[in-house]
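Colleague: My questions will all concern the structure given below.
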Amino acid sequence: MRKACMRRTGIRRRVLKRMRSLYAMTSQQSMSQHYDVVIAGAGIIGLSTALFLRGRGLSVMVFDKGEAAYEQSSRNWGWMRTIGQDMAELELALASRPLWRQWAEEGDFGFRRCGLVSLAGDGEEWAGLRSWLEHAAGRGLDTRELGSAETAELLPQFHRRWAGALFAPGDAGIEPDLAMRFLEKKVLDAGVGIVTGNAIRRIDISGGRACAVETETGRVTADRIVVAAGAWSRWVCKTVGIVIPQLRVTASVLRTTPVEGGPEVNVASTRYCLRRRRDGGYTVARRNSSLTWVTPDSVRFMRQYLPNYLKQKQLLRVRAGTSFFKELRLERRFGPGQSNPFEDFRACDPAPDIDTLKETFEHLKEDAPVFRSARIASSWAGTIDVMPDALPVLSPVARYPGLFLATGFSAHGFGIGPASGRLMADIVMGEAPAASAAPFRLERFHLNDD
């Protein structure tokens, strides 16, 4: 793991420390030693799952090696979108809409039902968008094609001509930091325990069943264990020899200073993607600029990833370097019978790709002159947990009853997080509709265990 994965800014550390002192339980004395469900990971998936399980009357404890929602859940673009979702995820995206709206009535986290417009730069992109809309027909979408005049009316700030556009008026924008603070408090108020700064070192198996977790402060037993640790899920599962074909991708984002007269809708294109923030600035990123490093897992899972990579290689940059050997040394410290030093890696805080962000911002200013007076106020990056087919794993582990996985959301997890947590709760309870759960089962990868 590169050293960047352990950096954190002073301001963010102070804010998170204050929030932790207000909301999170941190002492072993405040915990019991047994729960109906223990969850590894306090991101949006772990917390949403905990919320819906608690709603069923179960006792739930969530552990995180660092701060709640410090990693990708609070670093994303802040979109709740339906356009472009895989057909298997579209149900989750649509089901998340009313949940986000309901939560927005309970607290202010910048929720805006502003809509999203997806722009095609050429005929090939437009054919892809129209094909997606055709396949999604009949699923309750509000997405429609825009003519050139409608696009110009919706986006008068942009001078570029587009080959075509789709518009989903029900899609929304959300402030991720505020939303995660809201969700953390909502989960705590519901009676879920959250222990931060306390890593789960390993999962314990007894009689062929997952029965406990070993934390930094001791052993905690549970009837069911859910691994929702994002980019760290692969290593958590490695402690019991379970293989997840999961890789890590780094994506960079910038925030602008306030812009007068900018677009109200979320905008998606291959040149830039943007969302208006509540402070009047914009979150800006580029969907074809994610970066991954060649690691031992890249080689190990090449067969699974290659087909999807060849179809979408323009969306991902692959680099080789010394990280391969660092990862090789590091992964040998994890596994059954190992020390599994998760506490050495409290946060994954990679450095942003400043050059790509500057280029993206220049493209935006070129196409929309209203942004020419704006400056880059800040930038950051996040580590995304990805799967070969870009679909998450929401699944029981057949080898070990009582063990469940909720990971690999491939940059889609924030927007579909509420409904994904509800589905995961149904899976844990054994009540999930087979058709809804089938696309997300771990067995679809047909891998042998470690």
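The values are calculated or read from the model by the stated rules, or taken from the named source; none is laboratory data. Note that this is a predicted model, so its numbers are computed, not measured. Note that each Cβ is placed from the backbone with ideal geometry, even for glycine, and that neighbours are counted across all protein chains shown. When the accessible area is computed, the model is the full protein with side chains, heavy atoms only, and any ligands, DNA or RNA have been set aside. Shrake-Rupley method; radii C 1.70, N 1.55, O 1.52, S 1.80 Å.
Colleague: Which numbered condition in (1) assigned to a loop (DSSP other than H, G, I, E, B); (2) open to solvent by less than 10 Å² (accessible area, probe 1.4 Å) is the only one that V38 fails?
Modeller: So V38 meets the others, but not (1).
Colleague: Let me ask something else. Going through A93, A68, A104 one at a time, which residue ends up being at pLDDT 95 or above, of a type in the set (A, V, I, L, M) and open to solvent by less than 10 Å² (accessible area, probe 1.4 Å)?
Modeller: Values: A68 fails: at pLDDT 95 or above; A104 fails: open to solvent by less than 10 Å² (accessible area, probe 1.4 Å).
Going through A93, A68, A104 in turn, the sole match is A93.
Colleague: Something else now. Are there any pairs with C-beta distances below 6 angstrom linking a residue in the stretch 68-96 that is free of Cβ contacts under 8 Å to residues at least 24 places away in the same chain to a residue that is not in a loop (DSSP other than H, G, I, E, B), with the two at least 6 apart or on different chains, and if so which?
Modeller: From the stretch 68-96, no pairs qualify.
Colleague: Something else now. Out of everything in the stretch 142-161 that is farther than 16 Å from P369 by Cα and touching a strand residue (DSSP E or B) at 6+ places or on another chain (Cβ under 7 Å), what residue ends up being most open to solvent (accessible area, probe 1.4 Å)?
Modeller: Restricting to residues being farther than 16 Å from P369 by Cα and touching a strand residue (DSSP E or B) at 6+ places or on another chain (Cβ under 7 Å), the top hit is R144.
Colleague: Let me ask something additional. May I ask you to list the residues in the stretch 198-217 that are surrounded by fewer than 17 Cβ atoms within 10 Å (Cβ to Cβ) and touching a residue at least 12 places away in the same chain (Cβ under 8 Å)?
Modeller: Hits for the stretch 198-217 are G208, R209, E214, E216, T217.
Colleague: State whether the residues of the stretch 120-135 include one that is part of a loop (DSSP other than H, G, I, E, B) and of a type in the set (S, T, N, Q).
Modeller: Checked against the condition, which is being part of a loop (DSSP other than H, G, I, E, B) and of a type in the set (S, T, N, Q), the stretch 120-135 yields no hits at all.
Colleague: In the stretch 431-447, what count of residues is obtained for those that are farther than 16 Å from S420 by Cβ, touching a residue at least 60 places away in the same chain (Cβ under 8 Å) and under 22 Å from the mean Cα position of the chain (by Cα)?
Modeller: 1
Colleague: Follow-up question, since we're still on this one. Could you say whether any residue in the stretch 349-372 is farther than 20 Å from T270 by Cα, modelled with pLDDT of 95 or more, touching a His at 6+ places or on another chain (Cβ under 9 Å) and surrounded by fewer than 22 Cβ atoms within 10 Å (Cβ to Cβ)? Lay out the reasoning, then the answer.
Modeller: Of all residues in the stretch 349-372, those farther than 20 Å from T270 by Cα come to 349-351.
This time we only want the ones that are modelled with pLDDT of 95 or more, so: none.
No.
Colleague: Sort through E106, E124, E153, E134 and tell me the only one that's acidic (D, E), within 18 Å of R276 (Cβ to Cβ) and out of contact with any Leu (no Cβ under 6 Å at 6 or more places or on another chain).
Modeller: It is E153.
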